[in-house]
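Report on the following structure.
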Number of protein chains: 4
Amino acid sequence: MRFEITDPDFENRVRASFCRQKLMGAIGAELTGLVPGEAEISLPYRDDLTQQHGFVHAGIIATIADTASGYAAFSLMPADTAVLTVEYKINLISSAVGELFIARGRVIRPGKRLSVCTAEVTAYHQGKGKTVATMLATLMALPNQAGLTG
Amino acid sequence: MRFEITDPDFENRVRASFCRQKLMGAIGAELTGLVPGEAEISLPYRDDLTQQHGFVHAGIIATIADTASGYAAFSLMPADTAVLTVEYKINLISSAVGELFIARGRVIRPGKRLSVCTAEVTAYHQGKGKTVATMLATLMALPNQAGLTG
Amino acid sequence: MRFEITDPDFENRVRASFCRQKLMGAIGAELTGLVPGEAEISLPYRDDLTQQHGFVHAGIIATIADTASGYAAFSLMPADTAVLTVEYKINLISSAVGELFIARGRVIRPGKRLSVCTAEVTAYHQGKGKTVATMLATLMALPNQAGLTG
Amino acid sequence: MRFEITDPDFENRVRASFCRQKLMGAIGAELTGLVPGEAEISLPYRDDLTQQHGFVHAGIIATIADTASGYAAFSLMPADTAVLTVEYKINLISSAVGELFIARGRVIRPGKRLSVCTAEVTAYHQGKGKTVATMLATLMALPNQAGLTG
């Protein structure tokens, strides 16, 4: 699907918002891809992000999928809005084993107020990718008068 | 609801598993409550866990809710099993503003293989609690022959 | 939780909307309970509502849970709005066996635009009730200028 | 994705199961497509399936999406199993307006015990198709000793 953007400066706006997400820096995630309606977040494996079996924690997998969905939606929103996650559902379909995890978020229904996105997280292990999670999310555009920026 | 436990040593089993979750230590979360079918995870606010508006990131809120659900379910599982999250859905119903966040997970349907749990996350701000998220989750018991412990 | 209503005539408004739902009549469902923020839909068993194993179809269970959630939310909305389901998640936790099915929807977070509800469906079999499904749903209030009524 | 089938007679097995779903006959739904890992259910518009605004009820849209997901998963399951829906989430992304509704279910992660599927429902109005709903679902294979067939 091709999307029409409402803010030609969307890339700077998304990147500035991503940089303000201190959690992204803390876990070592980066915004590695961005086109209108799609965003990609990459996260190298780190020992301190694991759950009890040594896999990356489902919560971290969800975090990068949620962030990828959010910026996919935010890329299509007008300049004067903030983006918030209303809700999401995630299926963890394989153990999160690998050296690198990439979440790819994609708008499937843009909206003035509500957007619907999907995200997939792929684990790369010894050069081979495997889908480890799939997400379906609802995001909301909030006018800036709500006091939030980006 | 009162639940029957199958493993009288459930508390040690759950606490040992929690300690192996390196992510919990990394974000500063603690297991502050545990009875059969219910688990509570507490997380003090930390600046490096925030999203772009300075609230605690939805992914971190989901992480403690997911962990609370998982250990609520795990407390009822037999001794020789591991617990995995199959999927969950979370609604983020208020901004995660506060000094302390407590996720309370509760089994609503225990099962030999699949368990269904709910979790609520409450933010405590200046002594007042407010629900910020609600989760509905499906967890799976995996026999230890799968090579996982706890 | 006690809720404040914005429309003292909410009961007539909800009942009128329910009556316009032709599907409710077609499957034999009735609105059997309504207080601000809560709605109850009752459905007697019928052979033509079953799936392949003779249980009531998950889709019908979801239909009454969705409707109960919708009217729970609608009861708190202003007079000049329509209610739409944005999304929901449902866990089917037991087979839908019984003579009567009752869905109880309840608002857990009312909102000017978005409301979050839960619903439970109980099957009554030989006088005994059993929870068969649990739902977590997001509903939207739409101003009437959108051309919808109720 | 191409899937390996475990039961070469999957088509007869799925069709027989579909025919036992009395609800499908009652609402006028038909199984119009089936390949390994994918199933398609078609439903012509009917006045008695509508909600309060005259659109097809979200519960009916979910019913055909759930059924399409279920048979997509069931097509890959061994001969001696029954399929049950564990849970699903659905986003209703446009009003269900049209003469014909087609739900397309697709396995995204087949499993011995649990399968994950997506489904999309398209409304056809005056010859033009529009996605009205998207679903993410978890299905379970149950051994026949559980007393269920198909």
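The condition (being closer than 24 Å to A:Val86 by Cα, open to solvent by less than 50 Å² (accessible area, probe 1.4 Å), in contact (Cβ under 8 Å) with a residue 60 or more places away in the chain and in contact with a Phe, Trp or Tyr (Cβ under 7 Å, 6 or more places away or on another chain)) is satisfied by just one residue among D:Val132, D:Val121: D:Val121.
In segment D:8-29, of all residues being touching an Asp or Glu at 6+ places or on another chain (Cβ under 9 Å) and open to solvent by 30 Å² or more (accessible area, probe 1.4 Å), the one that is farthest from C:Leu49 (Cα to Cα) corresponds to D:Arg13. Of the residues making up segment B:91-150, those that are at pLDDT 95 or above, of a type in the set (S, T, N, Q) and within 26 Å of A:Gly54 (Cβ to Cβ) are B:Ser115, B:Thr138.
Here B:Leu114 meets the list (1) aliphatic (A, V, I, L, M); (2) open to solvent by less than 10 Å² (accessible area, probe 1.4 Å); (3) within 26 Å of D:Lys89 (Cα to Cα) almost entirely, failing just condition (2).
Yes/no per residue for (1) within 11 Å of another protein chain (Cβ to nearest Cβ); (2) part of a loop (DSSP other than H, G, I, E, B); (3) not hydroxyl-bearing (Ser, Thr, Tyr):
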site	(1), (2), (3)
B:Ala82	yes, no, yes
B:Asn91	yes, no, yes
B:Val97	no, yes, yes
B:Gly111	yes, yes, yes
B:Ala123	no, no, yes
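Just checking, how many residues over segment B:42-55 are aliphatic (A, V, I, L, M) and touching a Lys or Arg at 6+ places or on another chain (Cβ under 8 Å)? So that I can check it myself, show each step before the final result.
Keep residues of segment B:42-55 that are aliphatic (A, V, I, L, M), which gives B:43, B:49.
Now narrow it down to the ones that are touching a Lys or Arg at 6+ places or on another chain (Cβ under 8 Å): B:49.
Here the count works out to 1.
A single entry from B:Ala73, B:Ala68 fulfils the requirement of being at pLDDT 95 or above, closer than 19 Å to A:Gly54 by Cα and outside any strand (DSSP E or B): B:Ala68.
The set of residues in segment C:35-66 that are under 16 Å from D:Asp66 (Cβ atoms) and either without any contact (Cβ under 8 Å) to a residue 12 or more places away in the chain or not hydrophobic (A, V, I, L, M, F, W, C) (or both) comprises C:Thr50, C:Gln51, C:Gln52, C:His53, C:His57, C:Gly59, C:Thr63, C:Asp66. For segment D:13-34, taking the residues that are touching a residue at least 40 places away in the same chain (Cβ under 8 Å) and β-branched (Val, Ile, Thr), the one that is farthest from D:Ala82 (Cα to Cα) is identified as D:Thr32. One residue is enough: does segment C:59-77 have a residue meeting the conditions farther than 20 Å from C:Asp7 by Cα and more than 10 Å from chain D (Cβ to nearest Cβ)? No: zero hits. Residues in segment A:92-101 include at least one that is under 18 Å from B:Ala137 (Cβ atoms) and under 16 Å from the mean Cα position of the chain (by Cα). Number of residues in segment A:95-111 that are open to solvent by 80 Å² or more (accessible area, probe 1.4 Å) and within 30 Å of D:Ile93 (Cα to Cα): the value is 3. Every condition in (1) modelled with pLDDT under 95; (2) under 18 Å from the mean Cα position of the chain (by Cα); (3) surrounded by 24 or more Cβ atoms within 10 Å (Cβ to Cβ) holds for B:Val56 except the one numbered (1).
The values are calculated or read from the model by the stated rules, or taken from the named source; none is laboratory data. Remember, predicted model here, so these are calculated numbers, not experimental data. So basically every Cβ, Gly included, is an ideal-geometry build from the backbone, and we count neighbours across all protein chains shown. These accessible areas exclude ligands, DNA and RNA; they are computed on the full protein's heavy atoms, side chains included. Shrake-Rupley method; radii C 1.70, N 1.55, O 1.52, S 1.80 Å.
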